[in-house]
Each structure stands twice: as structure tokens, then as C-alpha cells.
Amino acid sequence: MVSNYNKFEAVCRILKENNFDESKLIPIFQAVQEVYKYLSEEVLTFIASSLNISPAKVYGVATFFAHFTLKPKGKNIIKVCDGTACHVKKSANLIDAIKKKLDLKENESSTKDMLFTIEIVACLGACGLAPVLVMNEEVHGQMTSDKVIGLIDEVLKQEGGK
């Protein structure tokens, strides 16, 4: 049990901060995802056991809300809007440029080194800036393929050319 505590030390702290209260499942998930960047099956099972609720209920809540992810994400998250306004303004070109630059295959969303994750979203609420993307919570409007490659290159330079 000691090894599980060490492995889930942050989860234990978060559960304690929330008084092991089942009604605080969503804030618990938010805090855990902030630390681990995603909700693994192992973490969800640990939370269920700690709160004395079924793993099915925990999994159901985690999968119901789009905010939660069950897959690891990269250090840098690129959210590309493909809503109507952005789609009309050729957001697909941005998606293609990002995937090509990051060498992502059709079904891949994260780079092998976990430096980048691309997410295609329905709307970012910035239609006047179409096509728009958010990189690490910073909005970038009227994007082009060249501009997005420049953003990625900046991150790569900051990361030491990884």
C-alpha cells in the first residue's frame, strides 16, 4: 500500500482536500487532471476505491464531460477550431500543416516525445478571428499554415530544438 500511496500521492492530497466527498467528484477530477494531465484508468480506479463508489460511475462521469481526457496529452496543447466560420476560412489547412510539421499520422494526436498534442474542437468562440487556434491557452487569430509552423518552431527553439 505504501507504493500506491507514493504513486498516487497527489491524488491522495486532492481527495483529502475534498474531504473524500463523492459530491466533489468533478473538482477532484479537475485537480487530478491538472497534476497528471489526464485521468488514467488506474487513477480512476483508485479514486473510485477511495470514495467507495463504483468504477463504472467514476468512468461515466469522466467520459461524460469533454473537459476530461483519458489519454495522455503533450506538454503543448494546440486546439484548432473547425467550427463553421473557421472551416470556411480553411482551418483544415492549419490542421494538415500542424500534422505534417509534427509528423503525426492520421489517427495520432500527440507527438511521440509528448511535446505536442493537437485537438480539433467545434468552436473556440472567436469566429471573428477565423481561422483561430489556441496554443497553451493563448488565442491566435487569422492563422495561416506559415504562422502556425512559426508558432511550433518557436516552441521547439525554447525546448532546445527537440
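What follows draws every value from the coordinates through simple rules; no lab data is involved. Predicted model only: the values in this text are computed from it and were never measured. Glycine also receives a Cβ, built like all others from the backbone with ideal geometry; neighbour counts cover every protein chain displayed.
Extension gain, Val139 to Asn107, is 9.0 nm, computed as 0.36 nm per intervening residue step minus the present C-alpha separation. No disulfide-compatible partner, judged by a Cβ distance under 4.7 Å, exists for the following cysteines of the chain: Cys12, Cys123, Cys127.
One decimal place: the segment Asn93-Glu159 gains 21.2 nm when fully extended, by the rule 0.36 nm per residue minus the C-alpha distance.
For the chain, relative contact order (Cα pairs under 8 Å, six or more residues apart, normalised by length) works out to 18 percent.
Is the shape of segment 60-143 best called rounded, prolate or oblate, per the rule: a/c under 1.5 gives rounded, else a/b larger than b/c gives prolate, else oblate, with a ≥ b ≥ c the square roots of the Cα gyration tensor eigenvalues? Judged from the Cα gyration tensor, segment 60-143 comes out oblate (a/c at least 1.5, b/c at or above a/b). Over the chain, DSSP H runs of length four or greater, each weighted -39,500 (n - 2.57), average out per residue to a 222 nm ellipticity of -14000 deg cm²/dmol. Could you give me the percent of Cα pairs per 10 Å distance bin for the chain, shortest bin first, beginning at zero and ending with the bin that holds the maximum distance? Taking every Cα pair in the chain, the percentages come to 10, 33, 27, 21, 9, 0.
Report, in whole Å, the centroid distance computed from the Cα atoms of segment 126-140 and segment 57-99. That distance is 13 Å. For the chain, the longest principal axis of the C-alpha atoms and the axis of helix 25-36 are separated by about 60°.
Between amide H atoms placed 1.01 Å from N, distances below 5 Å from Phe116 occur with Lys75, Asn76, Thr111, all of them 5 or more places distant or on a separate chain. Shape analysis of segment 18-64 places it in the rounded category; the axes a ≥ b ≥ c from the Cα gyration tensor give an a/c below 1.5.
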